[in-house]
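K.L.:
Quick one: the structure is below, questions incoming.
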Amino acid sequence: MEKVVVSVGGSVLVPAEDDARHLRDLARLLRDLSARVKLFVVTGGGRIARYYIETGRTLGIGERTLDEFGIAVTRLNARLLAGALEGRANREPATSYSQAAKLARRFPIVLMAGTRPGHTTDRVSASLARFVHAARIVNATSVAGVFTADPNKDPDARLLERIRFEDLVRLAGSGHSAAGPSIVFDPVAAQVLVRDRTPLSVVHGRDREALRAAILGEPFHGTLVAD
Ligand code: UTP
């Protein structure tokens with residue numbers, strides 16, 4: 001069975017709007033697809049992580065500890081999704097890539113979250129994909145792909161349907177310097193992808209059809225990062 005890493009942003013999991021219903025929908029889709037591909041789902045921290053990080057930063061707490069706050073929230077989000085998946089996935093997110101690979105023998109869906117300070121769950125997804133030899137990574141996020149500018153701020157922003165790995169590295173910028181959100185894709189993660197040449201599909205997490213098609217490797221609405 002083909003292996004697919006799905007990176008689900010916190011903004012997709014818990015945007016603070018009818019979250020239980022959307023989580024149930026997402027869980028249903030993942031359950032259905034798990035009959036066709038082996039799924040490794042990595043959960044992000046989103047707004048709640050950002051809230052803790054920003055509040056902590058105002059208090060003068062160091063960046064490493066702020067990263068740990070972020071990691072804790074990504075793990076909490078994984079537990080919430082595990083609840084919606086009703087036994088199809090591990091209840092506690094994997095803490096290492098080898099543990100995730102082992103869990104794949106017991107569960108149709110394997111959940112993983114943040115691991116160590118210094119990067120985001122984009123990096124976890126990229127490294128996990130390398131470890132399990134995943135066919136592709138699907139990044140379910142709060143925008144419909146990679147744009148020429150921020151689509152929430154610039155009405156002229158254009159969706160890029162296909163870009164090369166080197167373009168992703170350029171768009172991601174330089175290394176992880178502070179806790180909190182990355183703009184397109186964590187630069188550390190982009191470096192891992194460019195080395196491994198693992199295709200990355202970026203889709204809007206609420207566009208279930210795009211998400212389904214991207215996971216199955218079919219044409220989808222969003223951005224494909226490939227050779
Ligand atoms: P996310 O992966 O959600 O990153 O982790 P993000 O880019 O802020 O969120 P999205 O993609 O826009 O939803 C939240 C924070 O947790 C810490 C980082 O500070 C990150 O910004 N983190 C996460 C780590 O330090 N290590 C990890 O492995 C994961």
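K.L.:
Have a look at T115, T74 and point out the one that is at pLDDT 95 or above, within 15 Å of the ligand (Cβ to nearest atom) and assigned to a helix (DSSP H, G or I).
P.N.:
Answer to the selection: T74.
K.L.:
Could you list all residues from the stretch 117-126 that are in contact with a helix residue (DSSP H, G or I) (Cβ under 6 Å, 6 or more places away or on another chain) and not acidic (D, E)?
P.N.:
The answer is P117, H119, T121, R123, A126.
K.L.:
Failed condition for L81, given (1) part of a helix (DSSP H, G or I); (2) near the ligand (Cβ under 10 Å from one of its atoms), with all others met?
P.N.:
Failed condition: (2).
K.L.:
What are the pairs with Cβ atoms under 8 angstrom where one residue, in the stretch 178-202, is modelled with pLDDT of 85 or more and the other, located anywhere, is basic (K, R) and surrounded by fewer than 24 Cβ atoms within 10 Å (Cβ to Cβ)? Sequence gap at least six, or different chains.
P.N.:
Close Cβ pairs satisfying both conditions: V192/R130; D196/R130; T198/R130; T198/R136; P199/R136; L200/R136; S201/R136.
K.L.:
Looking only at the stretch 17-70, filter to residues that are among the basic types (K, R) and under 17 Å from the mean Cα position of the chain (by Cα); which one of those is nearest to the ligand (Cβ to nearest atom)?
P.N.:
The qualifying residue nearest to the ligand (Cβ to nearest atom) is R50.
The values are calculated or read from the model by the stated rules, or taken from the named source; none is laboratory data. These numbers come from a predicted model, not from an experiment. As a convention, Cβ positions derive from the backbone with ideal geometry for all residues, glycine included, and neighbour counts pool all protein chains shown.
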